[in-house]
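The values are calculated or read from the model by the stated rules, or taken from the named source; none is laboratory data. Keep in mind that this is a model prediction, so the values were computed, not measured. No Cβ is skipped: glycine too gets one built from the backbone with ideal geometry, and neighbour counts run over all protein chains shown. Side chains are part of the model used for accessible areas, which takes the heavy atoms of the whole protein and leaves out ligands, DNA and RNA. Shrake-Rupley method; radii C 1.70, N 1.55, O 1.52, S 1.80 Å.
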Amino acid sequence: MRPIRAVCLGTATALVTVLTGAPVAAAATDTDSTHAKGRDRVITVIGHLAQQTRFPVNAGGLPAAQGDRTVFRSILKDKDDKRQVGETNGTCTTTLAEDDGGAEECVVTYNLPGGQLTVQGMVFGILTKGRPTLPPPSFDNAITGGTGKFDRTRGQVHADTIGPGTRRFTIDLD
C-alpha cells in the first residue's frame, strides 16, 4: 500500500490527531498520582495536527473502505494554546465504511509532563457521501492506562474540533 499524504483532518484520526487541552500546567506541577489522591482531575489541552498519513485499502483512497488506516502525530498546547505541553501519537482503522456515517477504532498515546496516557475507542460519523466528514465529529474515548504520574489512571477523553487541524481535548482523570 502506498501512503497518501493528507492535508486536512480526515477521519477520526483528525479527532485523535489533536488530543490537547489546558490544565497540563497543573498536571506538570502535581507530584502525586490521581489514583493515590482518590479524586478526579481534568486536564484541557489544544491539539494541532502535525503529521498525518493515510494508508487506504482502495487505490486513490476512495471510496473509503474497511481497513483504511491513518497514522498521526499532534502537538499539544496548554488550554490557552500558547505553550507546548506534549504530543499525541496514534492510529485509527476504519471498521465501518458507510457513505453517511462510518466508524473508526483509534489507539492514541498522549505524552504529557510526568508521563503518558493511553487512550482507545471508537469514533463514529467519520464519513459524509463516502468522504471524510469535515469538520471531524466530536468523540469520547476511554483512558486505558498510563505511566509515571498517570500510573493506574482511568477516565475518558472528550474531543471537539475547534478549527482546521485543531481539537480541544478534555481529559477527565478518575
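Would you point out which residue out of G121, G101, G90 is open to solvent by less than 40 Å² (accessible area, probe 1.4 Å), of a type outside the set (F, W, Y) and modelled with pLDDT under 95?
Values: G121 fails: modelled with pLDDT under 95; G90 fails: modelled with pLDDT under 95.
The match here is G101.
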Out of (1) open to solvent by less than 10 Å² (accessible area, probe 1.4 Å); (2) over 27 Å from V57 (Cα atoms); (3) within 15 Å of the chain's Cα centre (by Cα); (4) not acidic (D, E), the odd one out for T153 is which?
(3)
Selection from region 129-143 of residues that are open to solvent by 60 Å² or more (accessible area, probe 1.4 Å) and hydroxyl-bearing (S, T, Y):
S138
How many of the residues in region 41-67 are of a type in the set (D, E, K, R) and either within 16 Å of H158 (Cα to Cα) or at pLDDT 95 or above (or both)?
1
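Could you say whether any residue in region 138-148 is part of a loop (DSSP other than H, G, I, E, B) and of a type in the set (V, I, T)? Explain how you work it out, then say what you get.
So in region 138-148, the residues part of a loop (DSSP other than H, G, I, E, B) come out as 138, 147.
Those left that are additionally of a type in the set (V, I, T): 147.
Looking through region 138-148, at least one residue is part of a loop (DSSP other than H, G, I, E, B) and of a type in the set (V, I, T).
Picking from G67, G146, which residue would you name as being more than 21 Å from D160 (Cα to Cα) and surrounded by 24 or more Cβ atoms within 10 Å (Cβ to Cβ)? So that I can check it myself, show each step before the final result.
Values: G67 fails: surrounded by 24 or more Cβ atoms within 10 Å (Cβ to Cβ).
From the options G67, G146, the qualifying one is G146.
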Within region 114-137, the residues that are over 17 Å from the mean Cα position of the chain (by Cα) and not in a strand (DSSP E or B) are G114, K129, G130
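Of the residues that make up region 93-103, is at least one in contact with a Cys (Cβ under 9 Å, 6 or more places away or on another chain), of a type in the set (D, E, K, R) and at negative phi? If you could, list the steps in order and put the result at the bottom.
The initial filter retains those residues of region 93-103 that are in contact with a Cys (Cβ under 9 Å, 6 or more places away or on another chain), namely 93.
Next cut, of a type in the set (D, E, K, R) only: none.
Scanning region 93-103 turns up no residue that is in contact with a Cys (Cβ under 9 Å, 6 or more places away or on another chain), of a type in the set (D, E, K, R) and at negative phi.
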Within region 155-174, which residues are out of contact with any Leu (no Cβ under 8 Å at 6 or more places or on another chain) and either closer than 16 Å to V107 by Cβ or not in a strand (DSSP E or B) (or both)?
Q156, D174
If I go through region 156-174 residue by residue, how many of them are among the acidic types (D, E) and surrounded by 17 or more Cβ atoms within 10 Å (Cβ to Cβ)?
0
Checking the condition closer than 18 Å to H48 by Cβ, of a type in the set (A, V, I, L, M) and in contact with a Phe, Trp or Tyr (Cβ under 9 Å, 6 or more places away or on another chain), which residue from V119, V123 passes?
V119
